[in-house]
Amino acid sequence: MHPIPSFHAHVYFDAHTVNKATRFCKLAAERFPVTMGRVHRKPVGPHPDWSCQLVFSAAVFGAFVPWLALNRDGLVIFIHPETGDELLDHRDHAIWMGAVRPLNLAIFEHSGEAQPEG
């Protein structure tokens, strides 16, 4: 079992929900000890949609994740731990709130494990 020092929550949005998502992320950063990343108006990394990243420690998980669930107002949120294995963190350890979106996992190299065929 890997220790989990931190988590990322990626809030997904589009042109119609960018303002709602931005307000939501700013509110999260005001209420909790989380770091708000940039508001990306294009897909970034493995993410298929526009997104904003919220970084938080494992110590905050128990209070923050329920708040996300109850206040996301229809926004899709993808949460994953930061264990040091990006492929596993994004593929196997993922938590989704709302619709599961297809991630581009091919960008992650994973030594010692064959990529699933698909």
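The values are calculated or read from the model by the stated rules, or taken from the named source; none is laboratory data. Here the structure is a predicted model, which is why all the values come from computation and not from measurement. Here Cβ is always computed from backbone atoms with ideal geometry, including for glycine, and neighbour counts include all displayed protein chains.
Numbers for the structure displayed
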{"read-out": "For residue 51: the one exception among (1) crowded, with 17+ Cβ neighbours inside 10 Å; (2) farther than 21 Å from residue 90 by Cβ", "value": "(2)"}
{"read-out": "Residue list for region 55-103, filter: touching a residue at least 60 places away in the same chain (Cβ under 8 Å) and among the polar types (S, T, N, Q)", "value": "83"}
{"read-out": "Subset of region 19-42 (residues that are within 16 Å of residue 78 (Cα to Cα) and touching a residue at least 24 places away in the same chain (Cβ under 8 Å))", "value": "21, 22, 24, 25, 28, 34"}
{"read-out": "Complete set of residues in region 48-77 that are part of a strand (DSSP E or B) and more than 11 Å from the chain's Cα centre (by Cα)", "value": "50, 57"}
{"read-out": "Top-ranked residue of region 25-51 - restricted to ones that are touching a Lys or Arg at 6+ places or on another chain (Cβ under 7 Å) and modelled with pLDDT of 95 or more, ranked as farthest from residue 103 (Cα to Cα)", "value": "36"}
{"read-out": "Exclusive hit being touching a helix residue (DSSP H, G or I) at 6+ places or on another chain (Cβ under 8 Å), within 11 Å of residue 10 (Cα to Cα) and of a type outside the set (Val, Ile, Thr), set 67, 50", "value": "50"}
{"read-out": "Subset tally (residues that are modelled with pLDDT under 95 and within 17 Å of residue 25 (Cβ to Cβ)) for region 61-92", "value": "0"}
{"read-out": "Sole residue being more than 15 Å from the chain's Cα centre (by Cα) and either assigned to a loop (DSSP other than H, G, I, E, B) or in contact (Cβ under 8 Å) with a residue 24 or more places away in the chain (or both), chosen from 16, 8", "value": "16"}
{"read-out": "Every residue from region 23-33 that is surrounded by fewer than 19 Cβ atoms within 10 Å (Cβ to Cβ) and in contact with a strand residue (DSSP E or B) (Cβ under 6 Å, 6 or more places away or on another chain)", "value": "29"}
{"read-out": "Residue in region 28-47 that is part of a loop (DSSP other than H, G, I, E, B) and in contact with a Gly (Cβ under 9 Å, 6 or more places away or on another chain) present", "value": "no"}
